[in-house]
Amino acid sequence: MRPVPARALALVFGLATAAQAQNVDEAKVDQAIKKGVEFLKTAKSPDFHNGYHNSDVLILWTFIHAGVPQDDPKFKSLLDAVMAEPLERTYKAALTAMCLEEIDRVKYQERIAQCGQFLVDNQCKNGQWNYGSPTEFVKDVKVPTQPKAVASGGGAAGPGVTMAKDGKPKVLQHVAVKKMKDGPDSGDNSNTQYAALGLRACFDAGVTLPEGVVILAVKWWRESQFKDPKKDEKKAVASGGTAISGKVEGWNYKDEASQSDKPPYHSMTAGGVGSLVIYDYMLDRKWKDDSFVKGGLNWLTVHYEVPAWNTYYLYGLERASILFGTEKIGDHFWYAEGAAALINAQAADGSWGKDTDWFNTTWDTCFSVLFLRRATRALVATGDSKLKR
């Protein structure tokens, strides 16, 4: 099977792309993605700061969105490895739920629910997540055997398949998880934003999550948002020419109190915006009216940039923008500008980035391909999912 072109994949995923209006060279985008995938097929799979143990699940997530066929040998080996590994870290549990919900949320509902149990049990007392630790209650999550032929590869329609409003197989039954233990006192906003992505995948797969977990997570994000104490945001807005309404506040890795020397910065602010939008979606709130969401977007507008070296942030910007539902950050077409920067920065071997103590070419290439693919699905309420009060 040949890789799906970017425009066609965007339509399949239900994402409205304004590539032509933004003067995006789709041929160059597709070629960059193709080269990136070829690099990843033989790339190393390093540990993500004790968060992944390896990068198999991140590579698999990238392959799913890059249109790599599920019968591709590398795809199959990655999926088998991910399914065989125990749930021991927040990043991995979240990404596993995301991968399986995208591949087939009905077939893999039990494993997705186990990821949900892991995430719920690992929420910190203040509403954050840290790297996580195993929870024995995962083994108790069981889902009755699913009817046969309920879904086909990639969530495509097939014999006996009923499709939901979001274009994926309709959830046939719900499985509830409840919080069985507390996590540590606090965590960090990187693990915390990925936990939100994983919980969204669980929610969309018919896993009934405790409402209290979501409310506590929202409380954390809202209370930890703050303005840059060293900058006059009003002057920055005036110099940028973009009219801003409301507060201009963002997030850093921890919070203002514990990191007073570190102002808000891009990757954590994008993650905070995306997380709050996801939770507003779960709670059936209007995220475009959320002052904390708008405050974060205002911060990204005032401090707008699309640096090709910061692929972790660019993928966060892609998520925040698509989840919120905007093609522009201020006066900027974020996708066109980010795509141009990434295409120009790609190495001859198809990779992005450099191998350093904190990042490496595998992760940078994954994040770059995910940005170029506009991998995030827009939020579409199906009426099938709910929280447990």
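The values are calculated or read from the model by the stated rules, or taken from the named source; none is laboratory data. It should be emphasised that the depicted structure is a prediction, and the values quoted were computed from it without experimental measurement. Here the Cβ is made from the backbone with ideal geometry for all residues, glycine too, and neighbour counts use every protein chain on show. Just the protein is used for accessible areas: all its heavy atoms, side chains included, with ligands, DNA and RNA removed. Shrake-Rupley method; radii C 1.70, N 1.55, O 1.52, S 1.80 Å.
Observations
- Three-way shape call for the stretch 251-389 based on the alpha-carbon gyration tensor, with the a/c threshold at 1.5: prolate
- Estimated FRET transfer efficiency when R0 is 22 angstrom, pair Lys286-Met163 (beta carbons, to 0.05): 0.25
- Proximal charge balance of Glu102 [Cβ under 10 Å; K/R count +1, D/E count -1]: 0
- The chain, relative contact order in percent, only Cα pairs under 8 angstrom and at least six apart counted: 20 percent
- The chain: most fluctuating residue of Asn344, Asn310, Asn252 per GNM, C-alpha cutoff 10 Å: Asn344
- Accessible area per residue in Å² at 1.4 Å probe, computed on the chain: 42 Å²
- Residues in the stretch 23-40 reached by a label modelled at Asp349 [backbone nitrogen below 11 Å; 7 Å Cα→Cβ]: 39-40
- Thr356 paired with Asp47, simple spin-label distance in nm, labels 7 Å along Cα-to-beta-carbon: 2.1 nm
- The length gained by stretching the chain between Lys254 and Thr382 to full extension, at 0.36 nm per residue less their Cα-Cα distance, is 42.7 nm.
- Integer Hz, Karplus 6.51/-1.76/1.60 couplings in order for the stretch 301-316, x for Gly and Pro: 5, 5, 9, 4, 6, 10, x, 5, 6, 9, 6, 4, 5, 4, 5, x
- Met163 long-range amide H proximity, modeled H, under 5 Å: Lys170
- Within the set [x] 29, 62, 9, 0; [y] 28, 57, 14, 1; [z] 24, 33, 26, 14, 2, 0, the number that P(r) over Cα pairs in 20 Å bins from 0, in percent takes when calculated for this structure is listed as [x].
- When you count the other C-beta atoms within 10 angstrom of each residue and take the mean per peptide, 367-377, 112-122 line up highest first as 112-122, 367-377.
- Counted charge near Gly274, where neighbours are those whose Cβ lies closer than 10 Å (Asp, Glu -1; Lys, Arg +1): +1
- Calculated FRET efficiency for the pair Lys247/Glu136, C-beta based, R₀ 25 Å, to 0.05: 0.05
- Gain upon complete extension [Trp309, Thr326; 0.36 nm per residue less C-alpha separation]: 3.8 nm
- Sulfur and carbon atoms: percent of accessible area, the chain [1.4 Å]: 53 percent
- Placed amide H near Lys388: partners under 5 Å, 5+ positions off or other chain: Leu209, Glu211
- Global geometry of the stretch 163-267, whether rounded, prolate or oblate, following the gyration tensor of its Cα atoms and the 1.5 cut on a/c: oblate
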